[in-house]
Amino acid sequence: MSQCEIVAVPQNPHGRGHMTIYVSEISYHKAQSTFERLSAETDYTFTPVAEEENALASAISNNGIKAFIADIFPYNGALYDALPAGGIIARYGVGHDSIDKTLASSKGIHVANTPGVLDNAVAEHACWMIGASARHLHSAHASTTSGHWQPKGGVELRGRKVAILGFGRIGQNLCQKLSFGFGMQVTGVDILPEDQFAPLKESVGFSHYTTDRDAALAEADFVVLLMAVVPATKHIANADFFQKMKSSAVLVNSARGALVCENDLYDALEQKHIAAAALDVFEAEPYSPQSPDKDLRTLPNILMTPHIGSNTEESNAAMAATAAQNCITILEQGPDACPNIVNR
């Protein structure tokens, strides 16, 4: 049970213009010092609240709240009825698939995110997952600390081929790290024409850019997912996808869990259609298997982390500040002044 009790909040304790903005307790505790500073320095009080939708919606209605900073908890109904027209759902992060933008728009609610502030953190974490998978660090640590001595050979990253599916800011940041830092051959994969990426080749460091995903999958030693989840990409990493990868290849998902059909991934790993997988995101979080008999945690060739790619001190502070600024800008200057609205 949440320790953040939702209580009535006075809306004008410091005079005209003061307002309370609710913050998901998960997000609040990731960047508490930042939210406390913002409460002290602005005319807004940032208050942590539990994520459960019905209780949250009641508190918003009862207290006249106009803005809510949301973590990854999915919202499907009551929240959109509780917020007034012109209200705000500001995502603490980049992905916004947990928010129903169509429903929000129909209610006159603005949805915003925090692009750019977590690019480095997510790209760094993807590097660690690639490196750990290449040298079996996670299994080596577990076996050594349990009293065994089982050295297992790995591969060097230099010269290995990486396909980055989703070649936006984070993908390009990761490309620079892998190319310039590790000497890997990176292929960027996206849906935009090649000529839009040609001017970036020298600064970003990719060896090749293509819109031909299947060709990239066939050559890659590591496949990194950095796409957004939309109807066309949900469960894009499925049985057919894994069959197109090399049997020695590793899948890395640093984007959204719904990109991967987890039952198909289980089969691909168990049957050695691919060598390994490293996942930071899952369709259900905390992770629970899609089928009881296909629990990814039981497999020896998988690395799993609990959605920590963006969870750094620096990134959390930046996400908190940007999400708060999104709310303040919309409330004080209107939605046209906020560049981060995703449901215009």
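Quick notes on this one:
- Greater than 25 Å apart at Cα, pairs in Lys66/Lys101; Lys177/Lys246; Lys177/Lys234: Lys177/Lys234
- Between the Cα long axis of helix 53-63 and the first principal axis of the chain there is an angle of about 30°, rounded to the nearest 10.
- With every protein chain in place, segment 236-344: carbon and sulfur % of accessible area (1.4 Å): 49 percent
- Shape call, segment 21-62: gyration tensor on alpha carbons, a/c limit 1.5: oblate
- R0 of 22 Å, Cβ-Cβ distance Ala55-Glu332: FRET efficiency to nearest 0.05: 0.20
- Of the listed residues Leu137, Leu225, the order by accessible area with a 1.4 Å probe, largest first, is Leu137, Leu225.
- Taking Cα centre as origin and charging only the Cβ of basic (Lys, Arg, +1) and acidic (Asp, Glu, -1) residues, the dipole magnitude of segment 210-344 rounds to 140 debye.
- Under Karplus coefficients 6.51, -1.76 and 1.60, residue-wise ³J(HN,Hα) of segment 258-272 in Hz, glycine/proline x: 5, 5, 10, 7, 5, 5, 5, 5, 4, 4, 5, 6, 5, 8, 6
- Rounded if a/c under 1.5, otherwise prolate or oblate - segment 63-211, Cα gyration tensor axes: oblate
- Cα shape, segment 233-338, gyration tensor, a/c 1.5 rule: prolate
- For the chain, the solvent-accessible area with a 1.4 angstrom probe is 47 square angstrom per residue.
- Rounded percent of accessible protein surface that carbon and sulfur make up, segment 53-164, 1.4 Å probe: 53 percent
The values are calculated or read from the model by the stated rules, or taken from the named source; none is laboratory data. Given the structure is predicted, the values throughout are model-derived calculations rather than measurements. Cβ: placed from backbone, ideal geometry, glycine included. Neighbour counts: every protein chain shown. Accessible surface areas use protein heavy atoms only, side chains included; no ligands, DNA or RNA. Shrake-Rupley method; radii C 1.70, N 1.55, O 1.52, S 1.80 Å.
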